[in-house]
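Student: Here it is, the structure, as structure tokens.
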Amino acid sequence: MLFKISSAALLGIEGYPVDVEVDISAGLPAFVTVGLPDPAVRESKERVRAALKNCGWDIEARKVTINLAPADRRKEGSAFDLPIALGFLAYLDVVPGDRLRDFLFIGELALDGRLKPARGILPIALMAERLGFQGIVVPKANAREAGLVRDLPVFGLDNLVQVVRLLTAPGEFTPCRFSLDDLVAAAPEALDFDEVKGQYHVKRALEVAAAGAHNVLLIGPPGAGKTMLARRLPTILPQMTFDEMIEVTQVWSAAGLLQDTGAVSRRPFRAPHHTITDPALIGGGLVPRPGEVSLAHRGVLFLDELPEFRRRVLEDLRHPIEDGRVTVSRSAMSAVFPSAFMLVAAMNPCEDVFRGMAGSKGGCTESEKARYYSKISGPLLDRIDIQVEVPEVKFRDIVSREPAENSASIRARVTAAREKQLARFKGRKIYANARMGPRDIKRHCAIPEEAERILEMAVTRLGFSARAYDRVLKVARTIADLEGVDDISTVHVSEAIQYRMMDKFR
Ligand SMILES: Nc1ncnc2c1ncn2[C@@H]1O[C@H](COP(=O)(O)OP(=O)(O)O)[C@@H](O)[C@H]1O
Ligand SMILES: [Mg+2]
């Protein structure tokens, strides 16, 4: 007897339907799984047998064939346990075989029949909604993420017995539902800019960066607060929209990183160590999984000790930064992951870390700075609009009792500036000034003649490249937007030039 149960698998961050076909007949006892299963899928038979037995359903020896269709895609993981178990239960007449196509079933079974959470439930639920399923049955721990999907009834259940009950007495169950507010409330912001004393100049630079989505490089001695400042950048970026949360949660779900809050409702902050491998940063794996650049999607990717990263790794960052997405190709399949993040990089002013610190033999010399700076990949530096020095915090700022401005009020200004940009680029894919191309810059970044002369001087005196010139214009545009004015002034341009002072070392 053949039963078909609807389930799904993941390719990249997209779900695709998988039909689990369970064929059971008399004959020599055997258990075969076909359709490119990985070892975890093949081991399913042991878990399913044990779970069924422990819930009181014994299947005597039979000839069992399981096919996972489409058969030409590699399937991984243990989330087919539930649909496979349902095939047996239909064979035993415990559940009605004709209802197994109405819902989409997914979940790993513990040996006692409990349902264990699986990866990629949100993308799969989105797919189920698109394909018009009557509902989706998932492990309870996955209910929140699936519940984000608006027009799909979600049943988050504890164990196999409950699934049977749902199929035999559906009236007893109500689908679960979660709202945006629930999610945001479930994950309160833990950090705030008001904890950072002094450093007004750096905070201003970060506000400008946030306002225009400009990448930033922080240069300063150990202990100056670079990491502390970078970690707080997500708290001044505009609140994520619902659609952005879905995008980000999809990536985190596919990576298996969702915690029990069930969704990523705050902009992510990712800080991979400089020893990170290429696949871990960019994405990879037999069945492609997102890398750090994608986990940082819509948030911040922080690269501490930038010169310590291998040059190749840094150069591989160019595409995700430029395109806002990465394609991960493996022999059999390729997947596209989003990667629209803000880059914050940090470094010491020179190789000798003690030199920059207070009480040392003095700061780094210009030539030491130049040598250290030249270690960073040029093409990556070209994609960083704002460079800012982070000096050690002044003693009088540390002891000051004056309260610093909090993240919420900085965020309000940033959000207003972003709204101006969204209006400017309406109908385009550009969401902030940093994403402007040469033609947009021509169109939106006209500057007064006086500013033109100052810029010219910077080019000749500081050796700005043509690229640096464009970056100054973009940042000046953002500074004007923060002020809420349409025309860029000389003051705006002068401030933007301040953020390119490291260019003299190139
Ligand atoms: N401006 C500041 N205000 C308050 N605390 C600070 C400030 N700068 C540094 N600190 C303290 O010093 C610690 C070290 O800062 P950190 O961000 O790790 O420095 P860096 O990354 O530049 O080496 C922080 O965790 C914080 O406790
Ligand atoms: Mg640090």
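Student: Between residue 159 and residues 5 or more places away or on another chain, which pairs have amide H atoms under 5 Å apart, with H built 1.01 Å from N, and which residues are they?
Tutor: 115
Student: Full-extension gain between residue 32 and residue 72, please, as 0.36 nm times their residue separation minus the C-alpha to C-alpha distance.
Tutor: On the way: separation 40, 0.36 × 40 = 14.40 nm, distance 1.64 nm.
Gain on extension, residue 32 to residue 72, equals 12.8 nm.
Student: Further question: Which value in deg cm²/dmol, rounded to the nearest 500, describes the helix-derived mean residue ellipticity at 222 nm for the chain, given -39,500 (n - 2.57) per DSSP H run of n ≥ 4 and division by the residue count?
Tutor: Here the helix-only value at 222 nm equals -10500 deg cm²/dmol.
Student: Here's a follow-up. Please grab the % of Cα pairs in the range 1-42 that end up more than 17 Å from each other. Please report the intermediate quantities before stating the final value.
Tutor: On the way: 377 of 861 pairs.
For the range 1-42, the fraction of Cα-Cα distances above 17 Å is 44 percent.
Student: Sticking with the crude label model, points 7 Å out along Cα→Cβ, report the distance from residue 465 to residue 450 in nm, one decimal please.
Tutor: Output for this residue pair reads 3.2 nm.
Student: If the rule is a partner Cβ under 4.7 Å, which cysteines in the chain fail it?
Tutor: Those would be 55, 176, 445, since no other cysteine Cβ in the chain comes under 4.7 Å of theirs.
Student: Sticking to Cα atoms, compute the Rg of the chain to one decimal and its Dmax as the biggest Cα-Cα distance, whole number, in Å.
Tutor: That works out to 27.4, 90 Å for Rg and Dmax.
Student: For residue 269, which sequence-distant residues (separation of 5 or more, or a different chain) have an amide H within less than 5 Å of its own amide H, given hydrogens modelled in the peptide plane?
Tutor: Sorted by chain and number, the residues that satisfy this are 300.
Student: About its Cα centre, what dipole magnitude does the range 282-405 give when the only charges are +1 on Lys and Arg Cβ and -1 on Asp and Glu Cβ, stated in debye to the nearest 20?
Tutor: On the way: 17 positive and 19 negative charges, 74 e Å.
About 360 debye.
Student: Report, for the chain, the % of DSSP beta bridges that are antiparallel, rounded to 5. Walk me through the intermediate numbers first.
Tutor: On the way: 28 of 55 bridges.
Given both bridge residues lie in the chain, the antiparallel proportion sits at roughly 50 percent.
Student: Could you check how much of the accessible area of the range 2-178 is carbon and sulfur, as a whole percent, using a 1.4 Å probe? All intermediate terms of the calculation are to be shown ahead of the outcome.
Tutor: On the way: 3690 of 7280 Å².
So the carbon and sulfur contribution to the accessible surface is 51 percent.
Student: Take the alpha carbon atoms of the range 164-191, find their center, do the same for the range 201-215, and report the distance between the two centers in whole angstrom.
Tutor: 37 Å
Student: Now a separate question. Rounding to the nearest 20 debye, state how big the charge dipole of the range 383-506 is about its Cα centre with +1 on each Lys and Arg Cβ and -1 on each Asp and Glu Cβ.
Tutor: Around 700 debye, computed over the range 383-506.
Student: Report for the range 227-362 the percent antiparallel among DSSP-assigned beta bridges with both residues inside it, nearest 5.
Tutor: On the way: 7 of 13 bridges.
Bridges in the range 227-362 are about 55 percent antiparallel.
Student: What does the range 325-470 give for Rg and for Dmax, in Å, if only its C-alpha atoms count?
Tutor: 20.6, 61
Student: Further question on the same structure: How do 138-145, 21-28 rank on mean C-beta neighbours within 10 Å, highest first? Write down the numbers at each step before the final one.
Tutor: Numbers: 138-145: 24.5, 21-28: 14.6.
Descending packing order for the listed peptides: 138-145, 21-28.
Student: Just to check I understand the Karplus step: with θ = phi - 60° and J = 6.51 cos²θ - 1.76 cosθ + 1.60, what whole-Hz values come out for the range 75-89, glycine and proline as x?
Tutor: Values, residue by residue: 10, 10, x, 10, 6, 8, 3, 4, x, 5, 4, 5, x, 5, 5 Hz.
Student: Over all distinct alpha-carbon pairs, what is the Kirkwood Rh of the range 193-423 in angstrom? It would help to have the intermediate numbers written out before the result.
Tutor: Details: mean 1/r = 0.0535 Å⁻¹.
So the Kirkwood estimate lands at 18.7 Å.
Student: Another question, then. Each label point is 7 Å from the Cα along the Cα-to-Cβ direction; what then is the distance between the points at residue 173 and residue 443, in nm?
Tutor: Placing both labels 7 Å along Cα→Cβ, they lie 5.2 nm apart.
Student: Largest first and in whole Å, what are the equivalent-ellipsoid semi-axes of the range 2-178 based on the Cα gyration tensor, each being the root of 5 times an eigenvalue? Don't jump to the answer; show the numbers that get you there.
Tutor: Numbers: eigenvalues 114, 68, 38 Å².
Result for the range 2-178: semi-axes of 24, 18, 14 Å.
Student: If you roll a 1.4 Å probe over the heavy atoms of the protein chains, what accessible area per residue do you get for the chain, in Å²?
Tutor: Values: 22260 Å² over 506 residues.
I get 44 Å² per residue for the chain.
Student: Okay, moving on. Evaluate the relative contact order of the range 466-506 (contact order divided by residue number), counting alpha-carbon pairs under 8 angstrom at least 6 apart; express in whole percent.
Tutor: On the way: 23 pairs, mean separation 17.1, N = 41.
RCO, the range 466-506: 42 percent.
Student: At 0.36 nm per residue, minus the direct Cα-Cα distance, what do residue 275 and residue 351 gain on full extension? Give it in nm, one decimal, please. Intermediate results must be reported in sequence, preceding the final value.
Tutor: Values: separation 76, 0.36 × 76 = 27.36 nm, distance 1.76 nm.
Extra length from residue 275 to residue 351 when fully extended: 25.6 nm.
Student: While we're here: About the Cα centre of the chain, how large is the charge dipole given +1 on each Lys and Arg Cβ and -1 on each Asp and Glu Cβ? Please answer in debye to the nearest 20.
Tutor: Details: 69 positive and 66 negative charges, 158 e Å.
Dipole about the Cα centre, nearest 20: 760 debye.
Student: What is the spin-label model distance, in nm, from residue 487 to residue 312 if the labels are put 7 Å beyond Cα along the C-beta direction?
Tutor: 5.3 nm
Student: Next question, about the same structure. Just want the answer: with Cβ charges of +1 for Lys and Arg and -1 for Asp and Glu, which residue in 302, 335, 324 is farthest toward the dipole's positive end in the range 289-341?
Tutor: Projecting each Cα onto the dipole axis, the largest value belongs to 335.
The values are calculated or read from the model by the stated rules, or taken from the named source; none is laboratory data. Just so we're clear, the structure is a prediction, and the values are computed from it rather than from any experiment. Cβ coordinates were reconstructed from backbone atoms using ideal geometry, including for glycine residues, and neighbour counts include every protein chain displayed. What goes into the accessible areas is simple: the full protein's heavy atoms, side chains included, and nothing from ligands, DNA or RNA. Shrake-Rupley method; radii C 1.70, N 1.55, O 1.52, S 1.80 Å.
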